[in-house]
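Heads up: the structure comes next, in structure tokens.
The values are calculated or read from the model by the stated rules, or taken from the named source; none is laboratory data. Since the structure is predicted, the reported quantities are computational estimates derived from the model, not experimental observations. Cβ sites come from the backbone with ideal geometry, for glycine too, and all protein chains shown count toward neighbours.
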Amino acid sequence: MVREFGNNGNTCHDCKDISCAAAILSFKELEQVRINSHESYLKKGEVILHEGSLTSHIIYLKSGLVKEYVKHSGDNEQILQIVKDHSYLGLPSLFGDRINHYSYSALVDCKICYVDINVFNHLIRKNGSFGYEILVSTSRDSLNNFNRFLSRSQKKIYGRVADAILYFAKFIYESPKFDIPLSRQEFADLIGVSRESATRVLIKFKTEGIISIKGRSIVVENMELLQQISQRG
């Protein structure tokens, strides 16, 4: 169940989770955003955006983790990326055809802010610095995803699993110790292999002392070796 909240008298200037792009906006522009936005809390597992739906709002992820994915035949998913807090969702649709081409769902409890797409578009057109920051964010995500998918297509399963662990350790959590927010099936969907194959490699990495695993908790014990496996593919 999505719980929606007003701004409770707070302004966007007071927001501790304001984005780098929004921080550039003037007081008047931020007031325009506040008037045309609302905040919601979502529980783990709730869908934020459905693939194929029309885009009416830009969604800013204030806190939490979200998976971006597409559905294939049956219940099969292809997870494109994990989105961290202080990121925008739905930007490709803003500059595309107004139809969401990806689905987004909460991996943990999340706090999000819906911003009217027309207001967002207006600010991009009127404030060049704001538009530049949005362009930088969109380009960075596109390049990161392109490089990950290119790397995945050229690597065997050991390299793919190593890449995924490094992805969480270096990019998502910025720590060698973390809890994977995905099920084993979702982890396999992220790297494009079967669940059995992904599990087998994780167990092998654990046996060889590269990582330690307890439930969903992973500690990278040998970062150098893990990086070598990633590089060798």
Checklist entry - In region 123-142, how many residues are surrounded by 14 or more Cβ atoms within 10 Å (Cβ to Cβ), in a helix (DSSP H, G or I) and either out of contact with any strand residue (DSSP E or B) (no Cβ under 9 Å at 6 or more places or on another chain) or among the aliphatic types (A, V, I, L, M) (or both)? => result 7
Checklist outcome for this item: Those residues of region 47-73 which are in contact (Cβ under 8 Å) with a residue 40 or more places away in the chain and surrounded by fewer than 16 Cβ atoms within 10 Å (Cβ to Cβ) amount to Val47, His50, Glu51, Gly52, Ser53, Leu54, Ser56, Ser63
Checklist entry - Say we look at region 127-156 and pick out the residues that are over 30 Å from Ile229 (Cβ atoms) and touching a residue at least 40 places away in the same chain (Cβ under 8 Å); which of these is farthest from the chain's Cα centre (by Cα)? => result Asn127
Checklist outcome for this item: Among helices (runs of 4 or more DSSP H) entirely inside region 147-230, those with 2 or more residues being surrounded by fewer than 19 Cβ atoms within 10 Å (Cβ to Cβ) and not hydrophobic (A, V, I, L, M, F, W, C) are 184-191, 195-207
Next on the checklist: Among the numbered criteria (1) out of contact with any helix residue (DSSP H, G or I) (no Cβ under 7 Å at 6 or more places or on another chain); (2) part of a strand (DSSP E or B), which one does Ile58 miss?
Outcome noted: (1)
Next on the checklist: Can you list residue pairs whose Cβ atoms sit under 6 Å apart, with the first residue in region 204-233 being among the aliphatic types (A, V, I, L, M) and the second being surrounded by fewer than 15 Cβ atoms within 10 Å (Cβ to Cβ) and modelled with pLDDT of 95 or more? Count only pairs 6 or more apart in sequence or on different chains.
Outcome noted: Val219/Lys177; Val219/Ser212
Checklist outcome for this item: Counting only residues that are modelled with pLDDT under 85 and hydroxyl-bearing (Ser, Thr, Tyr), region 82-140 contains a total of 4
